[in-house]
4 protein chains.
Amino acid sequence: MKKIRKVGILTGGGDCPGLNAVIRAVVHTACRDYGLVVCGIIDGYAGLIHKNVRKLELADVSGILPRGGTILGTSNRDNPFNYTEEGAGKAKEHRDVSAQALKTIEYNEIDVLIAVGGDGTQHIANQFYERHGLPVVGVPKTIDNDLNGTDVTFGFDTALNIATTAIDKLHSTAEAHHRVMVIEVMGRYAGWIALEAGLAGGGDVILVPEFPYHIQAVCDKIRRRADGGKRFSLVVVAEGAKPEGGQLVVARQVNDASDPIRLGGIAAQVANQVEDMTGIESRYTILGHVQRGGSPTPYDRILASRFGYHAVEAAVNRKFGHMVGLRGNEIKTTPIKEAIAVPRRVRADDDIVRTARAVGTCFGA
Amino acid sequence: MKKIRKVGILTGGGDCPGLNAVIRAVVHTACRDYGLVVCGIIDGYAGLIHKNVRKLELADVSGILPRGGTILGTSNRDNPFNYTEEGAGKAKEHRDVSAQALKTIEYNEIDVLIAVGGDGTQHIANQFYERHGLPVVGVPKTIDNDLNGTDVTFGFDTALNIATTAIDKLHSTAEAHHRVMVIEVMGRYAGWIALEAGLAGGGDVILVPEFPYHIQAVCDKIRRRADGGKRFSLVVVAEGAKPEGGQLVVARQVNDASDPIRLGGIAAQVANQVEDMTGIESRYTILGHVQRGGSPTPYDRILASRFGYHAVEAAVNRKFGHMVGLRGNEIKTTPIKEAIAVPRRVRADDDIVRTARAVGTCFGA
Amino acid sequence: MKKIRKVGILTGGGDCPGLNAVIRAVVHTACRDYGLVVCGIIDGYAGLIHKNVRKLELADVSGILPRGGTILGTSNRDNPFNYTEEGAGKAKEHRDVSAQALKTIEYNEIDVLIAVGGDGTQHIANQFYERHGLPVVGVPKTIDNDLNGTDVTFGFDTALNIATTAIDKLHSTAEAHHRVMVIEVMGRYAGWIALEAGLAGGGDVILVPEFPYHIQAVCDKIRRRADGGKRFSLVVVAEGAKPEGGQLVVARQVNDASDPIRLGGIAAQVANQVEDMTGIESRYTILGHVQRGGSPTPYDRILASRFGYHAVEAAVNRKFGHMVGLRGNEIKTTPIKEAIAVPRRVRADDDIVRTARAVGTCFGA
Amino acid sequence: MKKIRKVGILTGGGDCPGLNAVIRAVVHTACRDYGLVVCGIIDGYAGLIHKNVRKLELADVSGILPRGGTILGTSNRDNPFNYTEEGAGKAKEHRDVSAQALKTIEYNEIDVLIAVGGDGTQHIANQFYERHGLPVVGVPKTIDNDLNGTDVTFGFDTALNIATTAIDKLHSTAEAHHRVMVIEVMGRYAGWIALEAGLAGGGDVILVPEFPYHIQAVCDKIRRRADGGKRFSLVVVAEGAKPEGGQLVVARQVNDASDPIRLGGIAAQVANQVEDMTGIESRYTILGHVQRGGSPTPYDRILASRFGYHAVEAAVNRKFGHMVGLRGNEIKTTPIKEAIAVPRRVRADDDIVRTARAVGTCFGA
């Protein structure tokens, strides 16, 4: 059994506050506690494909703890098992370049790869592990908080803070103006940000992808409030929310080959419908990537640091093919395979949903 | 000459952080220093039309200093000189109901009216003053900072802070992801928020209504950065920015009878064009009314308090038809008529524009 | 068995962000879901002693969710079982006025009392329950996070954010100036705030009440950093930290009859010793009650809302003498007696302590 | 007349948010607009004494705009005209090492020196200019805002925001607890931070160095509020505030050779006296260097950028011995000598003082 001497680390997928805290904790733990060497792989799996790897020492991670982004860069396009050559004019080809990626690992003498990322990143890591026997350890990361294998992921609390702060600001102005304010937050398939920011911000209506909504129910709620003297309302809508049975065709936010149905504009649609149906002026805000940016909250920095520390522990203890995760107050590991089998989505009997209903929130149904 | 015994105050037009600070300072100064009675008029000029007036005492303004919004409510539709009856189904009529408004003032024995608001509110105040001899004192308020008669208006610094904070957050995520981030901020006719938040946030491109832009110039700037190794860029765009000679037809943000051409979606348009022309992934954020909300900054609280104090001083000293304003470090008064004659707009030789150019910002031209 | 018709609620002990969110959730759940009447008891147990009770309706809790403080007021002096008469000049007497408190409950026909508070408040609630059979339900609240029966209490995350934000600011200025910055945070008996804010803020040294420190070890750490080129260091110290074996007598922060040994000034002492022993300029900050103030974080608002919702559920389900608490992702109840038996304190084998050590933090030992 | 080819820049004195924005603007303007070379001098004048100079290029200032601190480091001890040798055990000697500093300038072929700093830094710059004919341009910097020659200095708005945010937080907790909260902010000789943060935060009492206070007047104000039902009060005290005629000897904050009378602990003294005299529980907070840290506000970033841009303009236009400054909305230059002749201090007839009095603030007199 080969001794672990060198650890590789990459950050893949969408940006998420706390990535630098993970990297810092990995470098400290590996270098100080175990005398290992750490290699940073640049721009996620792209760095393996393009041989873009650099050594990380303590000095490299000095001062990065409170910073958003990732010093390693990230990419959510470069899947070594299904790589799309970029290039203007020519037809896109999908190729398996995983052998090339493995060569980079071999060349750099990386004994174990710590893959920090969401569903997509973990899936690729698991393929390397299962198909090629590559020692990998996963660290979960998803702003949407929709991964299993952990109670919560870092980045979510930061996004929640940003979204709630925005809702708080809309609240005062909605009240002064007697308006309906619609705010679109992240969450294409899982509505955790909308749900929790909506509860925290006192949203009157929360629309999540998991519960298709009836615009009529939304307008009824808003009218009932107006009848009771509250001529303003706040609607928090996840970007992936959709009307029951209805169609949703709006300006797309992006061209993304890997995800052609990514939609934008649900906020505009809801605001326009509400204004037309209730006669109350409605405005919308689309927060977008602001939610992924900036300095992580203390909660996320601590969680990310613990994940980084335990990822090295897991690597040294040869828990390959596993992902670290928070369970209650403890960090535990789960097989990556299990963690990514099904996404964590909002359910009607979730305690937070029940609490939101108890304080009067309408979910559009 | 009638002695001043009672002061009326209304807040009109769009919401703006600092309104409560003005109201508080007016009530304190009037009640404590001059033993006057203060009447709050509810929902701007609508309160005069609909006889919605209430006495304001020290206890009513306790604790409101740090709060966004306005305890008096506001309205930007109810012009007594050109009043639009609301009502489903019937044709809209425009009527002059200023006599009704004056009756409310008379009935409540209001000796002088302090009108806190922007261009529209001041214009109406001035009409009351010029046509009907109503003693009025203006307090300037516009989040867009486009009023003359004052170096700066309260609310602007708060909006600037919110916009800059959002840009800061986009910065870290843009850098990690190698993306172009487009952020749309307020400013339909004047680009001060975009200009100053763009400079403060290190925006690479700033697009304002005053300087029609060439999308080609925007893309050139972004490409030059990419060639120099910076594969991300930040574009700050005022909602009223428009391409040189070009047409801009995008999803409207609102139905607003008083302003049918209010546009939204410039951010989406710019992001899509940039992505198509440069091949770099682009995302957008529309901040919307978040910029008008929340607790005012200390700068705005202080300025608003000074305005409120001096508005009462001006009322007592019978500077009717005048508006208070900041000049250097002093508060001075200007005839409302002069202040609203032309808007304050961004000019190419403005020192802030020159500073922005000096640090490398592109204005799309 | 008497049917529950009326719920009383009080907030006792130190202030804590999230109290208003609990009150709001209790009122909504009780009124909407169960048709109960809610009575607010003013200023904690003092309201029971002095017959200061008022009805709480939905309108009373409108808009309070994001606000710090408590609309009910609080008091940490008025223990009905050991009441101290205030009054200048006369000797303090301690009396049992619990019968008086019970009369207020009877007079107001309160069927169950929800007591929101920390150790002291829960202890009194439990005395009412055990000695007098009063139906009580506890809601844990302690900024120090030192209560058992729950993984975490609301208010802690807010305090952690405030402390970490302050540390972040000190960081940049410490680095520019090559100084040692000592920051004193709350935590007289439990060092959770210092520990977690220290980890989140990248503190080089963390001193908590649980681990007596050696100033020599602190200075060694600071000197090692200076030798390695880092001429600045951050020391995070809990107000209750104390040197090993040594004596700590410094300027008292307060006169508090119930707690005569409350100390302040540990920050000053550490800063002065460090400066004397290392020759590096040292400065200190004492955050004080800033940590208890302001708007609660989303995390705390959500937790507090869930506690409020479940407190009513527990009341209706007659789980008297129990306290609600968070366990993993679920809200569960525990007998108050168990929850307050021993405080939750920092232990050397705590995972957060181990993570902090892994990233290089010194605990002064 | 020698052509300007190389610009040197140093940052001296206390840390101040916005320093990096000045450096960035200087480098951009000098390199882009004028093709100059920029040299950064490390740790203020110490860098000239110890030959610690490095070239600054565009890449060096990338990303520093929003960061607190200064990438050049600073020092407030190393005066080349009166240099104190450090070294344990030996008596301190004061020597004139200005010739050594000039040699460093000559060796590095620096044609003009931009000195960013407060009173002390400008004084030294002016000595180099007057005694040795060194071409210097000053950029004012003082968190206390006590420099003449400019309406305001960068850093002040950031400090004001931090102090006001802290006061806001104390407000909610003071109200819930019925306590007096005393907060000590920076300002040894000038009370601008206390004055403006006190006005912005709704402080009931503001104590500044310029107006010696009577503790009796402070307590009277607090008692009057309590009599009127407001059982809490907020006292904002500048670190340099002192009682009328009285003596103030409290725990010193620091050992600072250059300033042996720097005092700390005024907050503790006021809190203890208030508690003793009014019987209302009182607590204190000492913000300390938190006020100098963190990311500058947009206002400060813009002002600092403008100063940097104009400092290069002034250098190129040979306005030596001058300091840039804000006058109204414009940047102008003033002879350094004039700017530092007398400090800008709070006066009783200042409009902000009058506004604060109008809203009911007590200045302890």
- Item | Neighbourhood net charge (14 Å Cβ-Cβ; Lys/Arg +1, Asp/Glu -1) for B:G73 | 0
- Item | Cα lying deepest toward the dipole's positive end in the stretch C:178-236, options C:I193, C:G229, C:P212, charges on Cβ | C:G229
- Note on the structure: Averaged over the residues of C:177-183, the number of partner chain Cβ atoms within 10 Å of each residue's own Cβ comes to 4
- chain B: relative contact order from alpha carbon pairs under 8 Å, six or more residues apart, as a whole percent, is 22 percent
- Query: So how long is each side of the protein assembly as shown along the principal axes, counting just the alpha-carbon atoms, biggest first, in Å?
  - Reply: 79, 76, 75
- Task: Using a Förster distance of 41 angstrom, determine the FRET efficiency expected from the C-beta separation of B:H214 and D:K332, and round it to 0.05.
- Result: 0.75
- What shape does the stretch A:158-233 have by the C-alpha gyration tensor, where a ≥ b ≥ c are the square roots of the eigenvalues, rounded means a/c under 1.5, and otherwise prolate means a/b greater than b/c and oblate the rest? oblate
- What average count of beta carbons from other chains do you get within 10 Å of the Cβ of residues in B:66-78? 4
- Note on the structure: Whole-Å distance linking the alpha carbon centroid of the stretch C:273-321 with that of the stretch B:118-184 is 36 Å
- Item | Choice from C:T11, C:T355, C:T70 showing the highest fluctuation, given a GNM over chain C with Cα pairs closer than 10 Å | C:T355
- When chain D is turned about an axis onto chain B, which of its residues keeps its C-beta closest to that axis, and how many Å is it? D:G328, 2
- Message: Rounded, prolate or oblate, given the Cα gyration tensor of the stretch B:1-91, with a/c below 1.5 counting as rounded?
- Response: oblate
- Query: Can you list the trypsin sites (Lys or Arg not before Pro) in the stretch A:79-163 that are in a DSSP coil and have 14 or fewer other beta carbons within 10 angstrom?
  - Reply: A:K90, A:K92
- Query: For the protein assembly as shown, what is the mean residue ellipticity at 222 nm derived from helices alone (per DSSP H run of n ≥ 4: -39500 (n - 2.57); sum divided by total residues; nearest 500 deg cm²/dmol)?
  - Reply: -10500 deg cm²/dmol
- Please give the direction-averaged projected area of the C-alpha convex hull for the stretch C:41-184, in square nanometres with one decimal. 13.0 nm²
- Message: Please report the spacing between the Cα centers of the stretch A:30-83 and the stretch C:336-356 in Å, no decimals.
- Response: 35 Å
- Other protein chain Cβ atoms within 10 Å, averaged over every residue that makes up B:346-357: 3
- Taking D:K319 as the anchor, which lysines have their alpha carbon closer than 18 Å to its alpha carbon, excluding any fewer than eight residues away along the same chain? D:K2, D:K3, D:K6, D:K332, D:K337
- Note on the structure: For the stretch A:87-154 (alpha-carbon point model, no solvent) the Debye-based log₁₀ I(q)/I(0) at q = 0.18 Å⁻¹ works out to -0.78
- Message: Would the stretch D:188-232 count as rounded, prolate or oblate if I go by the C-alpha gyration tensor, calling it rounded below 1.5 in a/c and otherwise prolate when a/b exceeds b/c, oblate otherwise?
- Response: oblate
- Query: Dipole of the protein assembly as shown, Cα-centred, from +1 at each Lys and Arg C-beta and -1 at each Asp and Glu C-beta, to the nearest 20 debye?
  - Reply: 0 debye
- Kirkwood hydrodynamic radius (C-alpha pairs) into Stokes-Einstein, chain C, 25 °C and 0.890 mPa s, D in µm²/s: 114 µm²/s
- Item | Label geometry 7 Å along the beta-carbon vector: A:H132 inter-copy distances in nm | 6.1, 7.2, 8.0
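Where a number appears in this text, it was derived from the coordinates with a stated rule and is not lab data. The shown structure was predicted, so the numbers you read here are calculated from the model rather than taken from an experiment. Every residue, glycine as well, gets a Cβ built from its backbone with ideal geometry; the counts of neighbours run over all protein chains shown.
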